[in-house]
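Read the structure below first, then the notes.
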Amino acid sequence: MIDFKKLQNGSDIRGVAIATEGGPEVNLNKEVAGRIAGAFCYLLSKKVNKNPVMLKICVGQDSRVSGDELKEGILEAISLWGAEGYDAGLATTPAMFMSTVLPQFEFDGAIMITASHLPYERNGFKFFSAEGGFEKEDITEILRLASRYNFIGGVYDKNEVALMPFYAAYLRQMISQGLKDIPGYLKGMHIVVDAGNGASGFFATEVLEKMGADISGSLYLEPDGTFPNHPANPENKDAMAAICKAVKDNNADLGIIFDTDGDRSAAVGPGGRPIARNEIVALAAALAAGDYPGGTVVTDSITSNELHEFLEDKLGLKHLRYKRGYRNVINKAKELTEAGEQAFLAIETSGHAAYSDNYYLDDGAFLAVQIVINAARLKAEGKDITALMDGLRSPAESKEVRLKIKAEDFAAYGTGALEDFGKWAEYSGNLEVVEPNYEGVRVNYDIDGAKGWFLLRMSLHDPVMPLNVESDTEGGADKAMAKIFEFMSNYKEIEIPEA
């Protein structure tokens, strides 16, 4: 029997769609998808105040091999509720949201079938209305209702909608506006794209190439749901190494890499310089800083001290570190804007970037378009995109470890240890607890001449405590971790990594 609660992952649904040898049991199949889609129809009808038979719902998928079966269950359930379901085929998550606001479509709701960067055997769903992505509370309610529904499969009208051509045209229009005074738009620009065999290959062929760019040397543009080359994830080391090598080998002006469903991206500068994590945050902020003087950038909790200095001292912006989770940073930015503060950018170091002038939608292609426009303008001046990050310092070391919690009630045990950790740090002479802080315990340290920061927090779902440490000198991170592990050794249910 399926435990629907276990399918929730924050504001998304994720599960196992394909059985693998030695792997977990399948808990996301056609029937489960149908029950979830039925619950979505009910909740959407309440949100938009329409009878279910009046609803029009768009359904898209990334390249995962389990997508077709799940989509069939979703479309059958939509038909069962009397609503109209439309098949967008291979699509990106941002495009699915845009299907609810683009005047050519204006669907009441949209369902994206994706598990983002997770392995091929996983899959899941993201839900949208014109107001934006469904929140964590909405997902909880959808799964509660789905656990009570029966699914009756059957026929459905095969309505297809050509969403992605319109979305690509929308992106091309942005480039043409941004470069309206540049003859030939992207002619003379060599841009390499790595789509990771996900859903974003169109960005190279239908956006960049049609605007005049040379896209030769691009990688893995063809959709392949087994992801045979590398994970479609800008945070993955193999993925970043591949796009950096492609940029260098092809002597390209720029590289762009996407995750599986296109809601995240990162960039690569000339010579194969990666622009990810703190650097993609800095670049995204610099792209729009002139339009929002003194505005606020909301980031996740693990951004560096050097980035904070760049945003506030170099760009003249305000920087608020908040909780990890793309919905958390987006919702915080919305909250600040509603209160009168100009929070124009919500962004995680993972590459989720949402601008206020793009519906606060985390859209990897929208960010990529802004990067491309500015790269083309800078090239006309004899510069490259990295010029926008001049003055951004990088830490000498950056490490992340995950401390496993063996206690049965891991949440209570870890929370207690974290509270003690905060008190210990507060009264340690060479440590300074950072306030305000919204997640875990963040500390600035000065240990034997090494300065930096660390953040210890609880994982949202797993029995682990992630620890991020950065230092301004080589060897400093190890000094900080030694001090941390000495304290944590008092907690026998927490597993300390071996040196």
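The values are calculated or read from the model by the stated rules, or taken from the named source; none is laboratory data. None of these values were measured; they are calculated from a predicted model. Every residue, glycine among them, receives a Cβ derived from its backbone with ideal geometry; neighbour counts consider all protein chains shown. Accessible surface areas use protein heavy atoms only, side chains included; no ligands, DNA or RNA. Shrake-Rupley method; radii C 1.70, N 1.55, O 1.52, S 1.80 Å.
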(request) Please label the shape of the chain as rounded, prolate or oblate, based on the square roots a ≥ b ≥ c of the eigenvalues of the alpha-carbon gyration tensor (a/c under 1.5 means rounded; beyond that, a/b larger than b/c means prolate, else oblate). (result) oblate
(message) List the GluC sites (Glu not before Pro) within region 424-489 that DSSP assigns to loop and that have no more than 13 neighbouring Cβ atoms inside 10 Å.
(response) Glu474
(request) Take the alpha-carbon centre of region 12-54, take the same for region 164-209, and report the distance between them in whole Å. (result) 33 Å
(request) Could you tell me which of rounded, prolate or oblate describes region 144-193, using a ≥ b ≥ c as the square roots of the eigenvalues of the alpha-carbon gyration tensor, with rounded for a/c under 1.5 and, failing that, prolate when a/b is larger than b/c and oblate otherwise? (result) prolate
(message) With a 1.4 Å probe and all protein chains kept in place, how do Val53, Val193 rank by accessible area, largest first?
(response) Val53, Val193
(request) On the protein heavy atoms, probe 1.4 angstrom, tell me the percent of accessible surface of the chain carried by carbon and sulfur. (result) 47 percent
(message) Explain nothing, just compute: Karplus ³J(HN,Hα) = 6.51 cos²θ - 1.76 cosθ + 1.60, θ = phi - 60°, for every residue of region 143-160 in order, whole Hz, x for Gly and Pro.
(response) 5, 4, 5, 4, 5, 9, 7, 9, 10, 10, x, x, 7, 8, 6, 8, 8, 10
(request) Any chance you could run the full-extension gain for Glu419 through Lys245? It's 0.36 nm times the residue separation minus the Cα-Cα distance, nm to one decimal. (result) 58.2 nm
(request) Restricting to the chain, compute how many DSSP beta bridges are antiparallel as a %, nearest 5. (result) 65 percent
(message) Given Cβ point charges of +1 (Lys, Arg) and -1 (Asp, Glu) and nothing else, what value in debye, to the nearest 20, does the dipole of the chain about its Cα centre take?
(response) 560 debye
(request) Hand me the trypsin sites (Lys or Arg not before Pro) from region 412-499 located in a DSSP loop with no more than 11 other Cβ atoms within 10 Å, in residue order please. (result) Lys492
(request) Determine, from the Cβ-Cβ distance of Asp68 and Ile152 and an R0 of 25 Å, the FRET efficiency 1/(1 + (r/R0)^6), rounded to the nearest 0.05. (result) 0.80
(message) For the pair Val434/Asp181, report the inter-label distance in nm, with labels modelled 7 Å from Cα in the Cβ direction.
(response) 3.9 nm
(message) Along each principal axis of its Cα atoms, how long is region 390-499 end to end? Whole angstroms, biggest number first, please.
(response) 47, 27, 27
(request) Holding the Cα-Cα limit at 18 Å, pick out from Lys5/Lys126; Lys47/Lys126; Lys6/Lys47; Lys6/Lys136; Lys404/Lys492 the pairs that are longer than that. (result) Lys6/Lys47
(request) Set the Förster radius R0 to 56 Å, insert the Cβ-Cβ distance between Thr226 and Asn444 as r into 1/(1 + (r/R0)^6), and round the FRET efficiency to 0.05. (result) 0.80
(request) Show that you can apply the helix-only estimate: for the chain, add -39,500 (n - 2.57) for every DSSP H stretch of four or more residues, divide by all residues, and state [θ] at 222 nm to the nearest 500. (result) -10000 deg cm²/dmol
(request) Could you calculate the contour length gain from Ala411 to Glu486, that is, 0.36 nm times the residue separation minus the distance between their Cα atoms, to one decimal place in nm? (result) 24.8 nm
(message) Run through region 1-85 and list the chymotrypsin sites (Phe, Trp or Tyr not before Pro) located in a DSSP loop whose Cβ has at most 14 other Cβ atoms within 10 Å.
(response) none
(message) Leaving out ligands and nucleic acids, and using a 1.4 Å probe, what accessible area per residue does the chain come to in Å²?
(response) 42 Å²
